Amino acid sequence: MNVAVIPARGGSKRIPRKNLLDFCGRPMIVWSIAAAIESGCFDRVIVSTDDAEIADVAREAGAEIPFLRPPALADDFTPTVPVVCHAIEQLEAQAGGARSLGAICCLYATAPFVRATDLQRGLTLLRESGSDFAVSVASYPAPIQRALRVNRDGRLEMIVAENMLVRSQDLEPAWHDAGQFYWGTRNAWFSGNPLLGPSASAVTLPRARVQDIDTPEDWATAEAMFRALHEPSR
């Protein structure tokens with residue numbers, strides 16, 4: 001049985017209640033739920049939340065809320081893996097202790113750009129690669145090897161000075177976590193192996209569909225990108 005786990009706590013600080021705010025016509029979390037359902041990858045789509053209002057919106061969108069997340073796993077410092085492991089443990093306990101789960105995908109509630117086809121590619125890659133995880137990533141728009149710092153005097157310095165004259169096309173492409181989803185086997189989530197490491201394979205996404213949404217500025221940027229992708233050209 002394959003399961004989507006969508007973490008969605010109620011206490012976001014930088015954008016209060018962001019999981020429920022309207023994003024281009026839907027509560028933010030509904031975009032992730034809809035993509036998970038549309039993908040056909042999952043036997044169950046679970047939302048892990050500590051918040052009754054989020055639970056109600058998620059149920060209406062077609063997700064399940066088989067448990068409420070405890071406060072100890074819903075603060076500002078709780079990492080992703082313990083939340084997913086808690087969800088797995090709860091589902092297995094409700095099934096009488098049977099380890100019937102196959103692939104588990106952690107899908108973030110603030111991932112309106114995720115597509116059903118991305119989730120399908122991730123599941124296929126997990127199965128075919130033999131990796132513990134399949135993680136959504138995107139490339140940096142500029143070579144990180146030519147990154148700059150601004151010193152205390154306001155002057156520029158190359159972080160890696162020997163790359164000053166190296167052409168961009170001669171530098172290795174670099175990638176970052178797209179912050180959308182992580183597929184993993186049931187055992188991988190409990191293994192202690194890092195999500196971003198040698199045990200993970202890359203599900204590459206185009207930069208035009210990747211945007212962190214942590215600040216009001218991020219939100220405005222994301223909505224502009226989303227509309228550009230979805231509104232018909234004139």
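The figures follow:
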{"read-out": "Highest-fluctuation residue, GLU172, GLU38, GLU89 considered, GNM on the chain with Cα pairs under 10 Å", "value": "GLU172"}
{"read-out": "Of ALA61, ALA72, ALA224, the one that fluctuates the most in a GNM where the chain has Cα springs shorter than 10 Å", "value": "ALA72"}
{"read-out": "Mean separation of Cα contacts under 8 Å, 6 or more apart, over the residue count of the chain: relative contact order %", "value": "23"}
{"read-out": "For the chain, radius of gyration divided by Kirkwood radius, i.e. Rg to Rh on alpha-carbons", "value": "1.01"}
{"read-out": "Dimensionless Rg ratio for the range 1-94, taking C-alpha atoms and the 2.2 N^0.38 Å reference", "value": "1.03"}
{"read-out": "Unit charges on C-beta of K, R, D, E only; dipole of the range 38-94, Debye", "value": "160"}
{"read-out": "Using alpha-carbon coordinates, inclination of helix 116-129 to the longest axis of the chain, degrees", "value": "90"}
{"read-out": "Karplus-derived HN-Hα couplings along the range 24-40 (A = 6.51, B = -1.76, C = 1.60, θ = phi - 60°), whole Hz, x at Gly and Pro", "value": "6, x, 9, x, 3, 5, 5, 4, 5, 4, 4, 5, 4, 5, 4, 5, x"}
{"read-out": "Value of relative contact order over the range 1-111, rounded to a whole percent, pairs C-alpha under 8 Å and six or more apart", "value": "42"}
{"read-out": "Trypsin sites (Lys or Arg not before Pro) lying in DSSP loop within the range 116-168, provided at most 13 other Cβ fall within 10 Å", "value": "ARG152, ARG155, ARG167"}
{"read-out": "Rounded tilt (10° steps) of 52-61 against the dominant C-alpha axis of the chain", "value": "90"}
{"read-out": "Residue of SER48, SER39, SER100 that the Gaussian network model of the chain assigns the largest fluctuation, springs spanning Cα pairs under 10 Å", "value": "SER100"}
{"read-out": "Accessible area (Å², 1.4 Å probe, nearest 10) - CYS105", "value": "0"}
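The values are calculated or read from the model by the stated rules, or taken from the named source; none is laboratory data. As the structure is a prediction and not an experimental result, all values here were calculated from the model. No Cβ is skipped: glycine too gets one built from the backbone with ideal geometry, and neighbour counts run over all protein chains shown. Ligands, DNA and RNA are stripped out before the accessible areas are found, and what is left, the full protein with its side chains, is counted by its heavy atoms. Shrake-Rupley method; radii C 1.70, N 1.55, O 1.52, S 1.80 Å.
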